[in-house]
Structures are given as structure tokens and as C-alpha cells.
Amino acid sequence: MSKKNYAALAQTIIDHVGGSDNVKSVIHCATRLRFQLNDMSLGKVEELKQNPDVITVVKSGGQFQVVIGNHVGKVYDDVLPLVGASSSESDHSDNSDQSILSRLIDVISSIFAPILGIMAGAGILKGVLALSVAMEWMSTSEGTHRILNASADGIFYFLPIFLGYTSAKKFGSKPFIGMAIGAALVHPDVMNHFNAIFSAKLGGKAVDPEFFLGIPISYMNYASSVIPIILACWVNSYIERWFDSWLPDSMKNLFTPFFCLLVSVPLTFLAIGPVATHIGSGLSGGMMWVYSASPILAGIIMGTFWQVLVIFGLHWGLAPVFINNLSVNGFDVFGPMTLPAVMGQVGAALGIFIIARNKKTRTLAGSVAVSGIFGITEPAVYGLNLPRKKPFIFGCVGGAIGGGIIGYFGTKMFSMGIPAIFSFAQYIPETGIDMSVYGAIIGGAIAIIIAAGLTVLFFREDDDTTGETESSANTNVAPSTPAQPVATATSKETITSPLQGTMIPLTQVADETFASELLGKGVAITPTLGELYAPVDGEVESIFATKHAFGIKSKEGAELLIHVGVDTVKLNGEGFSVHVEEGQTIKQGDHLLSFDIEAIQAQGFDVTTPIIISNTDDYTDVITLFSDEDITINAPLLALV
């Protein structure tokens, strides 16, 4: 996609989330734009889903999430100028109307999403170093190892500083004050004193307590910690706003940071930090208790449901758990269990790649499988497996079995990262490669094999373009009606009319998404008969849950979107009766849908139906063949040349 198209997509997205004035804040993770909107009802989910450059749209965790794919960062760069810098500089907003879970997910994703990329990269580097030491390619005493280890370990050791920035930003306070609080927690003098106290206690020596204005100080190890800095920044946001409320404007830049450091840092060392540390230890202990009860069952659950959480963007809720376990225990056992979940979706995509006869489907399956191997599964899930249902389920089955295997072998993760092919290096302990590492490899491989095998055996992707496949069942076929085309261009394919009614140009449809031809070229028909028939031989690829729209792929490769009415998604299927199923092979003229025109119009909806060629870019032109306004079923409608 070109830079120009990124800008156009950014503008389209902003238009469909209610405009820039409706955007409180926007951030992005590996594949999604995550919007906080003033009014969620203004977000046009279905319209955005129909955009070919948008994988899907999810409303979850109090966020309006637009799934873009690997190039989300480039789209984000073009979104920011449209919404204003303040939308990225501060994510603080009043979410009191949301559930506690939604607010929690929103806070977690906003805090961790900006640093996940660098954490994953550093985690891979740590894994590579561990592998190099285990294979005796490098010694820990070498300068090369020392420098590279500092590069990899720096973000984890000084994590409170990074989280101080993102947490303060989320809570609506000055990010650099948050960084300063985080820096104080891992200051060398503080850490050296903690280490001295810890060593003395291990040796059975008494340690004289230190005091801050007469209050005893409980020193903790805040390196790599998560919860203390987040709570500290949350408390500091109120302290900062209180000082800002009465300090003169001319003094705020100097004295607000001064008073915040004077109050918030001691408060963190005296109360917030120790309490948060105990909370973190309790959380980690509780998770390990669950794991110890049945590692295999824990692996099965994680492997089964991880991708389900990803679909709704709820997987962020577990990110601080993984990081907290790393901080408290030095390792995490739950992160590795997500690897088979990823590889399961890769396996399902590979299964489709094996059985697909259509070149475009094979190309899509191959590309999303490669993307999934590197940890980005949204294209595979949303673009391939989930729309076909069974492959997604088979991927979850493979993930469950692979997760159980990893639980059995007790695989541990020693640095944070996204589950991907590089993760194996992050599972290597200091003692070298052992069975837990081999268990991860086996679990990931089994997930791929099972998902791919189930897909090949039990999923039928009918991409036959030879013209030999007959219609699966439907015998209710509309009568053929001859018509004279206005053009005799040599066409790759002819699309017949699926409706009886009055034909109008697509540009006159009362919906900008269709009228702008953003979804592709085509034509629209205002039906006079509430019956919809197949315009081509092919397959029903998708039927919207609300029954008002069909995605059809012809045997010749044309991809059609037939959308009965404007905004009829709001009817939730009322007035529509579907006669076919997703995945069903159809012949031109097969009866697809019955709909009650009068009932739909009585509720204030326009029944004008766009017929769109979604893959317009694959053709030189899309030509309207019928010359009269009134058209009958099965009359030649469009020529694809």
C-alpha cells in the first residue's frame, strides 16, 4: 500500500469513527488501531469491515479497535494529524460508564501496547544470547556478550522507567514525571542498598532499619517490576492535578514537578511500593498455584482460548501477569502455552493452502501463514480462518493439544516476547537446552500438524474453477430472461441481475461508502420483488449474521458483495429469510434470499441494493450491460473486462 493510500485509509477510518471530534485518544499495538471514542455508537462497524484494507473491527474492552495488519504503524502515523497531537499525548478519559473489566483492559492495553514491540525485540535478543552461550558460541565473560546483554536486558531492568512514561500518559499526567518516579525506584544507590540488605539477611546478620522523617523504609527490589510504578503513577496523577489546580500558570512548569517528586516518590517508597510488591507476589503465587494443580490442564486452557482472547483484544489482560511472573520468579510458565495457539492458526492456514484450488486463496493462505509464524496472527484469523469457522476451531484444537504438551514438559519463558518462531530461544534456561525447550518445539510442531491435518481432512474449500462442480442442492431456480446488452466488449465474465427492479448508478446510492466506490465498482437496483437470486456460478463465501448481505465468489474469480438495502444491518435479520448456507456451491439463478420490501420500508429503510465487484482492481473495467432502467432477474447486468 502506498503512502497516499495510507493517508486515504486513515481519513476513511476517522470518518467512520464519528470524525476527529469523537476521538478521545488513539494508540496502536502490533496490528490494531485502538480508539477511545466519546460516543461509541457513532463508530460504523459494518461499513469499516467492508473496507478491503481493514481486516475487521472489534468493540471490546471499552475500545473501538480497527484491525489493520502489519502496516498499522504507517496508518497510525497518518491518523495522528487528523485527530490532533493531544489524542496521542494523553489517553486519559472518563470511562466511568464502562464496566470495570472494560476499564481494566483499556488501562492495560494503553500502558503496555507502546512498549511491546521493543520488549519483544529485546526478548528475542536475550534468547539468542542464551542459545549462543548454551551452544558455547559465546562466553558470558566476553565483552561482546556484556554489551549485547546490556542491550537486551536494559528495558527489562529499567522497565519501571518505561512504564512510568506510558502509565502517566494514560492517567493524564506529565509522562516525564512518571519516568522520574520510575527512575527513582531503580536508582543505583537504592538498588545497591537493597542488595546489601538482602545479602546481610541471607547471611543471618541483623540490619539496622532506615527512616524517612521518622517513618521506617521497607526497601524492595523494583528492577523489572510492573505493579508498583503503575499504582504510583495513578496516585501521582491526582497529586499532580491537585497542585495544578491552585498553582499560578507561570509556576506550574517548575513547581508541579517539584512538588510531585517531593510527595509521590517518598510515598511510593513508604507505602505504594511495598503494598504493590506484595500484591504482585500474591498474584504470581496464585497463578503458580493454579499451574501446579495441573500444568497440562492449564496448557490446554491457554492453548484453546488464547486466540479467542486475541479476537476481542482481551489478551492484553494477561500481559502484566506474564511480566509480573518474570519479575517475581525470574520466569513465566504461561507465556509458552500461548505459542501452540499461534501455531495452531498457522497450521489451519497451511491446511487451506494445501487444499485450495483457487490461486488467490492459496496466495492468501501462504502469506498469512508466514505472518503467523512470526507472531502476527490477526491476518490469518480474521482474513482466512475465522470467516470459514472450521479452520479456526481446528487451530484452537491444535493449540489445546500443543499447550497441554508444553504444560507437561514444564516449559518456562525467561524474557518477555510475543509467541512466535523466535520464542524457542527465550525458553532456554541458564543451565542450557533441556527437555523443557524440546517440549516447546514439540508442542508448537504438534499444533501445526494437528490443525493442518484436521483442516485438510474435514474442511472443504471449494475453489474449483474448471466449471465441473454442480450446484449442491438448491432447485428453486429463477427463470431465464433474455436481455440485450449495450456493449459487446470481450469480457472475462458476465454478471447477471440477482433482482427484479429499477437500476440506478452506484454513485447515487444514499450511502457514501458504496457511492464513493471505495468497496469496488458496480451498480445498484431498487427491487420491486423481494427475492434475490445467484448472479453467477460459484460459492457463497459469507452471509452476514443479520442476513442482509452476501459475499459470493464466482468460479471465474469474481468477488461480489450484494448488500440488500441501506443501513438494514440495524434490522438484525428481521424481514429476511436465507435459503442457502455459507460455503454452499451455487449455480446462476439459485434462490438465495427472500425479503419483505414493505416491512423493511415501513421501518424507514431504503431497499436499494448495491451489487459490487469487491476485487475491481483485478479487472480493466466493470461495464454496465443493461440499457433500460427496469431490469429483470437473470438479465445480463455487468461485464468484467
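The values are calculated or read from the model by the stated rules, or taken from the named source; none is laboratory data. This structure is a prediction, so every number in the text was calculated from the model and none was measured. Reconstructed Cβ throughout: ideal geometry from the backbone, glycine too, with neighbour counts over all protein chains shown.
Need the failing condition index for residue 238 against (1) at pLDDT 85 or above; (2) part of a loop (DSSP other than H, G, I, E, B); (3) hydroxyl-bearing (Ser, Thr, Tyr), just the number.
(2)
List the number of the failed condition for residue 19; all other conditions in (1) buried (at least 21 other Cβ atoms within 10 Å of the Cβ); (2) under 21 Å from residue 511 (Cβ atoms) hold.
That leaves (1) as the condition not met.
Output yes when any residue across the range 296-306 is under 29 Å from residue 364 (Cβ atoms), surrounded by 24 or more Cβ atoms within 10 Å (Cβ to Cβ) and out of contact with any Ser or Thr (no Cβ under 7 Å at 6 or more places or on another chain), and no when none is.
yes
Sort out for me the strands (runs of 3 or more DSSP E) sitting completely within the range 442-533 that have 2 or more residues that are at pLDDT below 90, more than 35 Å from the chain's Cα centre (by Cα) and not basic (Lys, Arg).
The qualifying strands (runs of 3 or more DSSP E) are 493-496, 501-505.
Is there a residue being more than 20 Å from residue 182 (Cα to Cα), part of a helix (DSSP H, G or I), in contact with a Lys or Arg (Cβ under 7 Å, 6 or more places away or on another chain) and not assigned by the TED database to the domain that holds residue 407 anywhere in the range 248-262? Quick ask: steps written out before the conclusion?
Step one: list which residues in the range 248-262 are more than 20 Å from residue 182 (Cα to Cα), which gives 248-252.
Cutting the leftovers down to part of a helix (DSSP H, G or I) gives us 249-252.
Filter again for in contact with a Lys or Arg (Cβ under 7 Å, 6 or more places away or on another chain), leaving none.
The answer is no; no qualifying residue exists.
Counting only residues that are surrounded by 13 or more Cβ atoms within 10 Å (Cβ to Cβ) and hydroxyl-bearing (Ser, Thr, Tyr), which one in the range 244-292 is nearest to residue 187 (Cα to Cα)?
Only one residue fits best here, namely 268.
Does residue 276 satisfy the condition of being modelled with pLDDT of 90 or more and small (Gly, Ala, Ser)?
Answer is no for this residue.
From the residues in the range 541-583 that are within 19 Å of residue 614 (Cβ to Cβ) and polar (S, T, N, Q), which one is nearest to the chain's Cα centre (by Cα)?
542
Residue-by-condition table, conditions (1) among the aliphatic types (A, V, I, L, M); (2) modelled with pLDDT of 90 or more; (3) more than 20 Å from residue 503 (Cα to Cα):
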| position | (1), (2), (3) |
| --- | --- |
| 565 | no, yes, no |
| 569 | yes, no, yes |
| 574 | no, no, yes |
| 579 | no, yes, yes |
| 585 | no, yes, yes |
| 598 | no, no, no |
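Which members of the range 307-320 meet the condition of being at pLDDT 80 or above and crowded, with 19+ Cβ neighbours inside 10 Å? So that I can check it myself, show each step before the final result.
As a first pass, look at the range 307-320 and keep what is at pLDDT 80 or above: 307-309.
Correct list: 307 only.
Could you list, ordered by first residue, the pairs with Cβ atoms under 8 Å in which the first is in the range 112-130 and more than 25 Å from residue 144 (Cβ to Cβ) and the second is of a type in the set (D, E, K, R) and crowded, with 18+ Cβ neighbours inside 10 Å, at least 6 apart or interchain?
113/34
Which of the helices (runs of 4 or more DSSP H) found entirely inside the range 130-208 contain at least 1 residues meeting this: surrounded by 11 or more Cβ atoms within 10 Å (Cβ to Cβ) and more than 28 Å from the chain's Cα centre (by Cα)? Before you say what the answer is, go through the steps one by one.
Numbers: elements: 143-157, 159-170, 175-185, 188-202.
The qualifying helices (runs of 4 or more DSSP H) are 143-157, 175-185, 188-202.
Considering only residues that are in a helix (DSSP H, G or I), closer than 28 Å to residue 295 by Cβ and β-branched (Val, Ile, Thr), which ones fall in the range 329-367?
Scanning the range 329-367 gives 338, 342, 346.
Could you look through the range 39-81, keep only residues that are basic (Lys, Arg) and not in a loop (DSSP other than H, G, I, E, B), and pick out the one that is modelled with the lowest pLDDT? Spell out the reasoning first.
First, pick out the residues of the range 39-81 that are basic (Lys, Arg): 44, 49, 59, 74.
Imposing the further condition that a residue be not in a loop (DSSP other than H, G, I, E, B) reduces the set to 49, 59, 74.
Numbers: 49: 84, 59: 81, 74: 85.
Looking at the filtered set, the residue picked out is 59.
Which members of the range 369-378 meet the condition of being assigned to a helix (DSSP H, G or I) and within 14 Å of the chain's Cα centre (by Cα)?
371, 372, 378
Taking the range 160-209 as the search range and keeping residues that are modelled with pLDDT of 85 or more and charged (D, E, K, R), which one is farthest from residue 118 (Cα to Cα)?
It comes out as 189.
I'd like the full set of residues that are in a helix (DSSP H, G or I), closer than 28 Å to residue 556 by Cα and not aromatic (Phe, Trp, Tyr), limited to the range 379-407.
Taking the range 379-407 as the starting set, the residues that turn out to be in a helix (DSSP H, G or I) are 379-385, 390-407.
Now restrict to residues that are closer than 28 Å to residue 556 by Cα: 379-385, 390-392.
Within the range 379-407, 379, 380, 381, 383, 384, 385, 390, 391 meet the criteria.
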